[in-house]
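All remarks here apply to the structure that follows.
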Amino acid sequence: MSKRQNIESLDHLLRDLCNPEQIFGGKIVVFGGDFRQTLPILPRKSQREVLEASLFSSHLWPKLTKFSLSENLRARDDPEFARFLLALCNGELQTKEYENIELPDGLVRVLDSDDPNPISGLAALAFPELDLGTFDPDIFTNRAILTPLNDDVDAINDALIDKFPGKAVTYTSHDSMLDDTCAVYPAEFINKLNPGGMSPHKLILKENCPVILIRNLQPSLGLCNGTRLICKRFLPNTIECVIMTGQHKGDCVLIPRIKLLASSLTNYPFRFQRNRFPLK
């Protein structure tokens, strides 16, 4: 979701170029999204500041024509969950601004709190086929383990790739500084950094393991940010994969090494780039 300042800047630009009396200069501009779920991402900001940056708080909002979709296609096969999610978004499950929400029994599975390795129990619950050694890679299109923190994601990935059958292939990145003229930060230190939106320095993969693309490479061929793939063959500078979902499902593609830049939103006092595969 874009910040309202960006959209208001577009409005000013189109008014200067086209018609100053009409919103967006008289041009048709279409916005999409669910304002109850998707808000602008503002790191280290309060809830009030996030709401203030949303399009809903803009002076343009009353002038926009709103259209509401009537059917959630992704929730068509699970109407009970769709009703619960809609009630949650509409605030119908709470009477106060801050209140605990009781989840349906079908959404909750409590693991043993005394388990010394909870990730193993979680993996066995989500992907019991991994313990059998033989499975269909399509299981990764219907199930996933979700967690809000990147550190937890990496820990779960490491645990699952160890259980995955086959021989492991390790790729390491080449990291370089962009503005460290005094060579203050050694390469070993840069290798340990793993900011959001960038794959780690060391990437461990196995044949038939799932990966996700984190950059738009060629959208016309289905290679977009968020595309899920299955690894098939490992070469020094390319990885052969098969697309798992979407209209290009089953297509064989080659993923090259590219240069990834750390986001400007990070708190690092320097900038660096990482030459590696855009996969996690």
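The values are calculated or read from the model by the stated rules, or taken from the named source; none is laboratory data. Since the model is a prediction, treat every value here as computed from it, not as a measurement. Cβ placement follows ideal geometry from the backbone for every residue including glycine, while neighbour counts extend to all protein chains displayed.
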| said: What's the total number of residues in the range 1-32 that are touching a Pro at 6+ places or on another chain (Cβ under 6 Å) and either exposed (fewer than 13 other Cβ atoms within 10 Å of the Cβ) or aliphatic (A, V, I, L, M) (or both)? | reply: 1
| task | State all residues of the range 191-218 that are among the polar types (S, T, N, Q) and free of Cβ contacts under 8 Å to residues at least 60 places away in the same chain; if no residue qualifies, say none. | result | Asn191, Asn194, Asn216, Gln218
| request: Would you point out which residue out of Thr141, Thr147 is in a loop (DSSP other than H, G, I, E, B) and of a type in the set (S, T, N, Q)? | output: Thr147
| query | From the set of residues in the range 243-255 that are free of Cβ contacts under 8 Å to residues at least 60 places away in the same chain and within 20 Å of the chain's Cα centre (by Cα), which is surrounded by the fewest Cβ atoms within 10 Å (Cβ to Cβ)? | reply | Gln247
| task | Determine if the range 34-56 includes at least one residue that is part of a loop (DSSP other than H, G, I, E, B), under 24 Å from the mean Cα position of the chain (by Cα), exposed (fewer than 10 other Cβ atoms within 10 Å of the Cβ) and small (Gly, Ala, Ser). | result | yes
| For the range 219-238, does any single residue satisfy the condition of being over 14 Å from Phe272 (Cβ atoms), assigned by TED's automatic domain parsing to the domain that holds Phe272, touching a residue at least 60 places away in the same chain (Cβ under 8 Å) and under 23 Å from the mean Cα position of the chain (by Cα)? | yes
| task | Read through the list (1) surrounded by 12 or more Cβ atoms within 10 Å (Cβ to Cβ); (2) part of a loop (DSSP other than H, G, I, E, B); (3) of a type outside the set (S, T, N, Q), then give the number of the only condition that Leu122 fails. | result | (2)
| Search result, residues across the range 227-261 that are in a loop (DSSP other than H, G, I, E, B) and either in contact with a Cys (Cβ under 7 Å, 6 or more places away or on another chain) or over 30 Å from Asp179 (Cβ atoms) (or both) | Thr227, Leu235, Met244, Thr245, Gly246, Gln247, His248, Lys249, Gly250, Asp251
| request: Could you tell me whether Leu103 is assigned to a helix (DSSP H, G or I) and under 25 Å from the mean Cα position of the chain (by Cα)? | output: no
| query | What is the number of the single condition among (1) in contact with a Leu (Cβ under 7 Å, 6 or more places away or on another chain); (2) within 25 Å of Leu103 (Cβ to Cβ) that Cys89 does not meet? | reply | (1)
| Which is assigned to a loop (DSSP other than H, G, I, E, B), more than 13 Å from Ala262 (Cβ to Cβ) and among the polar types (S, T, N, Q), of Asn216, Asn194? | Asn216
| Identify, please: which residue in the range 219-253 is of a type in the set (S, T, N, Q) and touching a strand residue (DSSP E or B) at 6+ places or on another chain (Cβ under 8 Å) and is, among those, modelled with the lowest pLDDT? | Thr245
| query | When residues of the range 57-85 are filtered for being assigned to a loop (DSSP other than H, G, I, E, B), closer than 25 Å to Phe24 by Cα and among the basic types (Lys, Arg), how many remain? | reply | 1
